[in-house]
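A.B. asks: If you scroll down you'll find the structure; I have some questions about it.
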Amino acid sequence: MDLRNKPIRELRHDLKNAAETGVIEHLAFMALSHADENQGRNTYLWRDTAWTLEEARRAEEQPADPRFPLRGTPISVKDCFDLAGSPTSCGTKFYRDLNGIAEHDSWLVERLRAAGAIITGKTHLHPLAYGITGENPDFGDCLQPGNPGALTGGSSSGAAASVMEGSAMAAIGTDTGGSIRVPAALCGLAGYRATHGRGDWRGSAHLAQSFDTFGWLFRELEDGPLLGSIFGPTEPSSAQTPKTFAVISNDFLHDCEPAIIERLRQCQHELEALGLTATTVPVKWWSDSRDIFAPIQASEAARIHAGHYAHFEPSIRERLEWGANLSDDTIAYLRLRHTAFRDRMDAMLSQHQLLLMPASPVVQLTAGADHSQTRARLLRYTTPVSLAGMPAVTIPFLADGKPSGGMQLIAAREDDARLLAIAAQLGAARKSRGL
């Protein structure tokens, strides 16, 4: 069974109607047969075939009913969440060795296992989740399966690779400054970043508490509501379907590749075809978003990793040292600016209901290239949403089966259910047109 072409909802139907035993164990075995298919063989930083197959046998005993919405579904987990019996590396050999073997599951892993998910392993990430390219000096750069010339993006790099290669049908990631949205866009996948504050971080490694969010990478937009329910309610509310959405103005898009602009207009037309009305909005006031985001992020990360800076690569070490040297008064002032920025974003989404913009200004990050300036370029497109704490879905685009850009569709805080529902409608409309 090729999991790369099967929606989760179809898998659930097949498993519900399967008469023979051992189907889930076979499914898990087939998923694992595709593990680590990228050139670096490093999609996973930890996996244990025997453990996963035992989990599959356990899931066989669960009834096929709504209490176990992910029963039998192969799921990978980013290696910043504790899984009992395995180390948690946070993308570094230092923490892998320091932390040792976790004794308990994180809250998120508990939720997944209780829902019947089959965990295939713990995936590669940019060190400390503090980067957006997927480059990693300890475990090797994460390259796209089938395209060794392209990085997956990060920090949820192995999460994206696991879905691309078919070792997982969906992958748990985190998004602080774009770590789900960017890999999803670069790898031609759907992505969901939850509202900030959804879920419980017990047993999970933070990077910056003010911005860290849970999320998923997956293939089918229609699977989003089901997956999102792991973090919080995603049932359709009594609220009406969105009628309007905003599109950022052209002046913000000056550094986008032409293909990205083309995909933005295409996505705008798709939403309009669903009956939504587009309005162009100026966002020049976003110009200071990274100036607010980056210092707060660095300050919080510096506190978490205090005493360990020397163990990390120079670019990360420098950010941590910078964050540690920021005064309390400076951070207090930045938090006031953060609140004002978030309030203004709240007002925009109150008026327009949804916001559409690129998740990345580029189609691909070339492996081995100089990406010293890439972080700043990509964060310009992701930090406004991170500051606002808003949920976002990455809408993927493919050309001849290859990734060709991704758009982020954004909603007001705690409007996750309606956001996932409209994204699912978009996915269904694409299916009906044979796309």
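The values are calculated or read from the model by the stated rules, or taken from the named source; none is laboratory data. All of these numbers come straight from a predicted model, not from anything done at the bench. No Cβ is skipped: glycine too gets one built from the backbone with ideal geometry, and neighbour counts run over all protein chains shown. Quick note on the areas: whole protein, heavy atoms, side chains included, nothing else; ligands and nucleic acids left out. Shrake-Rupley method; radii C 1.70, N 1.55, O 1.52, S 1.80 Å.
A.B. asks: Yes or no: region 334-351 includes at least one residue that is hydroxyl-bearing (S, T, Y) and open to solvent by less than 10 Å² (accessible area, probe 1.4 Å).
C.D. replies: Residues of region 334-351 hydroxyl-bearing (S, T, Y): 339, 350.
Narrowing further to those that are open to solvent by less than 10 Å² (accessible area, probe 1.4 Å): none.
Checked region 334-351: no residue is hydroxyl-bearing (S, T, Y) and open to solvent by less than 10 Å² (accessible area, probe 1.4 Å).
A.B. asks: Please work out which one of (1) touching a Lys or Arg at 6+ places or on another chain (Cβ under 8 Å); (2) of a type in the set (K, R); (3) assigned to a loop (DSSP other than H, G, I, E, B) is the condition R4 fails and give its number.
C.D. replies: Answer for R4: the failing condition is (3).
A.B. asks: Regarding T73, is this residue closer than 21 Å to L15 by Cα and hydroxyl-bearing (S, T, Y)?
C.D. replies: Details: closer than 21 Å to L15 by Cα: yes; hydroxyl-bearing (S, T, Y): yes.
In short, yes.
A.B. asks: Please indicate, with yes or no, whether at least one residue in region 240-254 is in contact with a His (Cβ under 7 Å, 6 or more places away or on another chain), farther than 30 Å from Y95 by Cβ and hydrophobic (A, V, I, L, M, F, W, C). Give the derivation first.
C.D. replies: Let us first name the residues in region 240-254 that are in contact with a His (Cβ under 7 Å, 6 or more places away or on another chain), namely 244-246.
Then drop every residue that is not farther than 30 Å from Y95 by Cβ, which leaves 244-246.
Subsequent filtering for residues that are hydrophobic (A, V, I, L, M, F, W, C) retains 245-246.
Checked region 240-254: at least one residue is in contact with a His (Cβ under 7 Å, 6 or more places away or on another chain), farther than 30 Å from Y95 by Cβ and hydrophobic (A, V, I, L, M, F, W, C).
A.B. asks: I've got another one for you. Identify all residues within region 195-237 that are among the aliphatic types (A, V, I, L, M), in a loop (DSSP other than H, G, I, E, B) and touching a helix residue (DSSP H, G or I) at 6+ places or on another chain (Cβ under 6 Å); write none if there are none.
C.D. replies: Step one: list which residues in region 195-237 are among the aliphatic types (A, V, I, L, M), which gives 205, 207-208, 217, 221, 226-227, 230.
Okay, now just the ones that are also in a loop (DSSP other than H, G, I, E, B), so 205, 207-208, 230.
Within region 195-237, L207, A208, I230 qualify.
A.B. asks: In region 98-146, which residues are in a strand (DSSP E or B) and open to solvent by less than 50 Å² (accessible area, probe 1.4 Å)?
C.D. replies: I118, I119, T120, G121, K122, T123, L143, Q144
A.B. asks: Give the residues of region 147-183 that are under 15 Å from S76 (Cα atoms) and of a type in the set (A, V, I, L, M), sorted by residue number.
C.D. replies: A159, A160, A161, V163, M164, A168, M169, A170, A171, I172, I180
A.B. asks: I would also like to ask the following. For R58, which of the numbered conditions (1) basic (K, R); (2) closer than 20 Å to T213 by Cβ; (3) in a helix (DSSP H, G or I) fails to hold?
C.D. replies: (2)
A.B. asks: Can you find, within region 289-309, the residue that is surrounded by the fewest Cβ atoms within 10 Å (Cβ to Cβ) among those that are outside any helix (DSSP H, G or I) and without any contact (Cβ under 8 Å) to a residue 24 or more places away in the chain?
C.D. replies: Kept after step one, since they are outside any helix (DSSP H, G or I), are these residues of region 289-309: 305-308.
If we keep only those that are without any contact (Cβ under 8 Å) to a residue 24 or more places away in the chain as well, we get 306-307.
Values: A306: 11, G307: 6.
Looking at the filtered set, the residue picked out is G307.
A.B. asks: Pairs please, first residue from region 249-270 and under 21 Å from Q425 (Cα atoms) and modelled with pLDDT of 95 or more, second anywhere and open to solvent by less than 50 Å² (accessible area, probe 1.4 Å) and part of a helix (DSSP H, G or I), Cβ atoms under 8 Å, 6+ apart in sequence or on different chains.
C.D. replies: Partner pairs satisfying both residue conditions: L264/L253; E270/L426; E270/A429; E270/R430.
A.B. asks: If you take the residues in region 249-277 that are in contact with a strand residue (DSSP E or B) (Cβ under 9 Å, 6 or more places away or on another chain) and part of a loop (DSSP other than H, G, I, E, B), which one is most open to solvent (accessible area, probe 1.4 Å)?
C.D. replies: E257
A.B. asks: So, of the residues in region 54-71 that are among the basic types (K, R) and over 22 Å from G224 (Cβ atoms), which turns out to be least open to solvent (accessible area, probe 1.4 Å)?
C.D. replies: The extreme case among them is R58.
A.B. asks: May I pose another question? Looking at A171, is it closer than 26 Å to A298 by Cα and outside any loop (DSSP other than H, G, I, E, B)? Walk me through how you get there before you give the answer.
C.D. replies: Working: closer than 26 Å to A298 by Cα: no; outside any loop (DSSP other than H, G, I, E, B): yes.
Considered against the rule, which asks whether it is closer than 26 Å to A298 by Cα and outside any loop (DSSP other than H, G, I, E, B), A171 comes out as no.
A.B. asks: Restricting to region 262-291, count the residues that are more than 22 Å from the chain's Cα centre (by Cα) and over 23 Å from Q353 (Cβ atoms).
C.D. replies: Looking only at that region, the number is 4.
A.B. asks: So which residues in region 356-386 are more than 18 Å from the chain's Cα centre (by Cα) and surrounded by 14 or more Cβ atoms within 10 Å (Cβ to Cβ), if there are any at all? Break it down into steps so the answer makes sense when it comes.
C.D. replies: Pass one, region 356-386, residues more than 18 Å from the chain's Cα centre (by Cα): 366-374, 376-377.
Within region 356-386, A367, H371, T374, R377 qualify.
A.B. asks: Filter region 122-135 down to residues that are touching a strand residue (DSSP E or B) at 6+ places or on another chain (Cβ under 9 Å) and over 19 Å from H196 (Cα atoms), then give me how many there are. Let's see the steps before the verdict.
C.D. replies: Initial filter on region 122-135 (touching a strand residue (DSSP E or B) at 6+ places or on another chain (Cβ under 9 Å)): 122-125, 129, 133-135.
Narrowing further to those that are over 19 Å from H196 (Cα atoms): 122-125, 133-135.
Qualifying residue count, region 122-135: 7.
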